[in-house]
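This report refers to the structure that appears directly beneath it.
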Amino acid sequence: MMTDSNTILAARNLSMIYPNGEGGLHAIDGVSFSVSHQEFLCVVGPSGCGKTTLLRLLAGLLKPTFGEVTFEGQPLIRPRRRIGFVFQQANLMPWRTVVDNIGLPLELEHISATEIEIRSQSLLDLVGLSGFEDSYPRDLSGGMAQRVAIARALIHEPELLLLDEPFGFLDALTRERMETELMRIWAARTVTVIMVTHSISEAILLADRVIVLSARPAQLRLDLAITLPRPRNLKMTHTKAFGGFASQVREAIERN
C-alpha cells in the first residue's frame, strides 16, 4: 500500500490472532488503510467484529500477529505519547477533581504545576467545563465525564486521537449533544481522529471517511469518503445526501 507525506498512520496487511488453545481466535484478517493528517475517520462494523482490537493495534497497545502499523512513517511497536486514547467508559479517578483528572498525565511526567494548571484550564474551556474544575466524577453526568476523558487525552497535545465508542453508554439526546461537541473540539484542534462507533448516522455525521469491517475475522468491506460540507449539524441527517451515504454503509455491513 502506497502512502504519501500527508499520511500520519498506516495499517498494512494487519492481522490479529488471539491464542486460545484451539488454533487461535482470528480477530483481524489482512486489513490495510491509511489516515491523513487532521482527517476524521470512523470505523463501523457488526458487533464483535474486532473494531476495538483494531483500535488497540493502532494505539500500539497490542502487537499484531501479522502485518504492521506505522505512525509518522515509523513502525509502531508500543504506545506513543503523541497518540491519545479515549475508552468506552471515562475511567476517571473518583478521588480526584475534574482538573486533577485532566492534569494527571502531566503530573506523571513531572511537569510543573504552573504548566499543568495552564494547559488543564485551556482544555476545560475547550470542552465546555469551565466552572467544574473542583467537581468530582460523582457529580458529573455521563456526557460531562466523557468530556473530561477527552480533555485528559488531549493534555499531551497528541497528533492522533483514538476514540473507542466514547458515547455508547449515553442516552440518545446526550449522545447527539456530544457528537456536536466533538465536531467543535476537532475543528478547534489540529488533531487526527480515528473513532470506533456502532452508529451509522454518527459515523457519517462526524467523519471525512468511514471504513466498514466485516464480521470476524474483520476484513475491510468499504472505504467511503463522506463529502458532506462542513461545518455539519444534526439537520443534515435528514437530507437525501446523508441518506445515500447511510445506505452504502448499511449495505456493506449487511453483506456480511
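The values are calculated or read from the model by the stated rules, or taken from the named source; none is laboratory data. A quick note: this is a predicted structure, and the numbers were derived from the prediction, not measured. We place every Cβ from the backbone using ideal geometry, glycine too, and count neighbours over all the protein chains shown.
Descriptive notes on the structure:
- Restricting the stretch 129-188 to residues that are in contact (Cβ under 8 Å) with a residue 24 or more places away in the chain and among the polar types (S, T, N, Q), the residue that is surrounded by the fewest Cβ atoms within 10 Å (Cβ to Cβ) is 141.
- Leading residue by the ranking (modelled with the highest pLDDT) among those in the stretch 72-105 that are over 23 Å from residue 139 (Cα atoms) and of a type in the set (Val, Ile, Thr): 83
- Any hit, the stretch 106-125, residues being at pLDDT 90 or above, of a type outside the set (A, V, I, L, M) and in contact with a Leu (Cβ under 6 Å, 6 or more places away or on another chain): no
- Residue check for residue 214: of a type in the set (Gly, Ala, Ser) and without any contact (Cβ under 8 Å) to a residue 60 or more places away in the chain: no
- Boolean, residue 114 is among the hydroxyl-bearing types (Ser, Thr, Tyr), out of contact with any Asp or Glu (no Cβ under 8 Å at 6 or more places or on another chain), touching a residue at least 24 places away in the same chain (Cβ under 8 Å) and surrounded by fewer than 16 Cβ atoms within 10 Å (Cβ to Cβ): no
- Taken over the stretch 234-256, residues that are basic (Lys, Arg) and at pLDDT below 95 amount to 2.
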